[in-house]
Structure formats: structure tokens, C-alpha cells
Amino acid sequence: DQQVKQNSPSLSVQEGRISILNCDYTNSMFDYFLWYKKYPAEGPTFLISISSIKDKNEDGRFTVFLNKSAKHLSLHIVPSQPGDSAVYFCAASEGGTGANNLFFGTGTRLTVIP
Amino acid sequence: NAGVTQTPKFRILKIGQSMTLQCTQDMNHNYMYWYRQDPGMGLKLIYYSVGAGITDKGEVPNGYNVSRSTTEDFPLRLELAAPSQTSVYFCASSATRGGGELFFGEGSRLTVL
């Protein structure tokens, strides 16, 4: 049973435009959320995170928004660059960074077109 | 700085064979994890360790065993390979518990025929 869902398997965006990747979760006990980025033949790398006590966290071109009532989070990339082309995984945990397990979504493949 | 190193990167096994996936990290992290990723699915936790000599099951531990004799190494053993274990395996480590930022290896693609 997928507790973290990414319903869009792929997304294509023109260079310089905004990329919006979406993620939904079902477990209301999740209180820490992360985005990972994965290039082919590499392991996932941490991108950005947000605690459930916040509704927004920004790091350079990357912003994560959390809507707890809707159990929804999104990752905004502005402006999008060709080097952002990768698979993006949403992940969540229960118990913050003290949890032992991250629950991952199925990933969204972002393609940024030059 | 190598980070998390996994070997082998690719392996084909016959049903019933056994093998060990090796994982080593050089960041002195106490916490280490094994995840598997099946096609079209998210990563799922197999086993984890909070320090040398301490291991525990994750979501999908059946068919696997682990050991943690040193801080650096966390091997994953498949005793009787089955087609359902065909997957990409990722080892990860973290300085804190696994609910936060993990550092992943490059992955090991295992096919069981």
C-alpha cells in the first residue's frame, strides 16, 4: 500500500519556466517530508525537506510547499534548468528525523527542454 | 571522499543461489539502511542498523539477512534467491536516524532468473 503517491510519472518543462512536482500522502502521522533527486545510474541525493510545523521551505531555486489539510506537498523549481532533468522522489517519515524509515513515492521524471 | 560504496553494481543469479551485496561508508555514520526499488515503485526499507552490532527489520525483510560488525560495513545477504528479489538495491547511511537526510550508494541491480 503506497502511503506516499506521486501521480505524475513524468513532466516536461521548457528551460527557464517553473517546474511543479506534486506529492500526496495518506498517513496523517507523517511529520517530516523530503525530496530526493536521482540521475540515471546514481543513487538518490537529498534536495530539500520540510517539517510539518511549516508550510513552506525555500533553498535557492527550490521551494517545497506543504498543505497538511490536503495531505499534499509540492516542489517548485524556478527557473528550471536542463541539469534539473532527473527523477524526483517525494519521501515522508513519522517521528521527524528521529524515525527509522522513510516512505518513498514512485517518482516523477522531469525533463527540462533547452 | 567516496561516501557510500556498493558492490557489485550488476549481478545475475539463478533461482536458489545465494549472494552478498556489499556496502561500505566512510563518513563515520552510525545509521545504515538497505532499500530496494522495484520497477514503477518507491524505495522500500529492507533492514537498517543504528550502530555496530545492532540491526532491525524494515518493511520488506523476508528473504534477506544483514550484519553490522563495524561502523563502516553493512552487507546484505540473499540466502535463496527468488525471482521476486529482482530489483535495484540501494544502501544508505545517515548521521542521524533515517527519517531525515540519507546518503545513498549508486545502487546494485540484481536479476534472478
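Annotations
- For the cross-link pairs A:Lys37/B:Lys14; A:Lys5/B:Lys9; A:Lys37/B:Lys57, the ones whose C-alpha atoms lie over 30 Å apart are A:Lys37/B:Lys14.
- Taking the Cα centre of the protein assembly as shown as reference, the dipole from Cβ charges on Lys and Arg (+1) and Asp and Glu (-1) amounts to some 380 debye.
- A dipole drawn for the range B:4-112 from +1 and -1 charges on Cβ atoms has a positive end, and of B:Gly58, B:Tyr48, B:Leu110 the residue lying farthest that way is B:Leu110.
- Considering only B:Pro75, A:Ser10, B:Ser94, the residue lying farthest towards the positive end of the dipole of the protein assembly as shown is A:Ser10, judged by Cα position with unit charges set on Cβ.
- GluC sites (Glu not before Pro) within the range A:1-77: DSSP coil, no more than 14 neighbouring Cβ in 10 Å: A:Glu15, A:Glu42
- Across the range B:71-84, rounded Karplus estimates of 3J(HN,Hα) from the backbone phi angles (6.51 cos²θ - 1.76 cosθ + 1.60, θ = phi - 60°) give 5, 7, 10, 8, x, 10, 10, 9, 7, 10, 4, 10, x, 5 Hz, Gly and Pro being marked x.
- Taken over the alpha carbons of chain B as equal point scatterers, the Debye sum produces base-10 log I(q)/I(0) values at 0.10, 0.19, 0.23 Å⁻¹ of -0.25, -0.92, -1.33.
- All other residues whose Cβ lies under 13 angstrom from that of A:Asp59 are scored, Lys and Arg at +1 and Asp and Glu at -1, for a net of +2.
- Near B:Glu59, once Lys and Arg are set to +1 and Asp and Glu to -1 for all other residues with Cβ below 11 Å from its Cβ, the sum equals +2.
- With the alpha-carbon atoms of the range A:4-113 aligned to their principal axes, the span from lowest to highest coordinate is 38, 28, 23 Å, starting with the largest.
- Neighbour net charge for A:Trp35 - beta-carbon separation under 13 angstrom, K R +1, D E -1: -1
- Charge dipole of the range A:14-114 (Cα centre as origin; +1 on each Lys and Arg Cβ, -1 on each Asp and Glu Cβ, all else neutral): 120 debye, rounded to the nearest 20.
- The calculated pair-distance distribution of the range A:1-45 uses every alpha carbon pair, bins of 5 angstrom beginning at 0, and gives 5, 14, 20, 25, 22, 9, 5, 1 percent.
- Given charges at beta-carbon only (K, R positive; D, E negative), |dipole| of the range B:17-113 in Debye: 200 debye
None of the figures in this text is laboratory data; all of them are computed from the coordinates on show. This is a predicted model, so every value here is computed, not measured. A quick note on method: Cβ atoms are made from the backbone with ideal geometry, for glycine too, and the neighbour counts reach across all protein chains shown.
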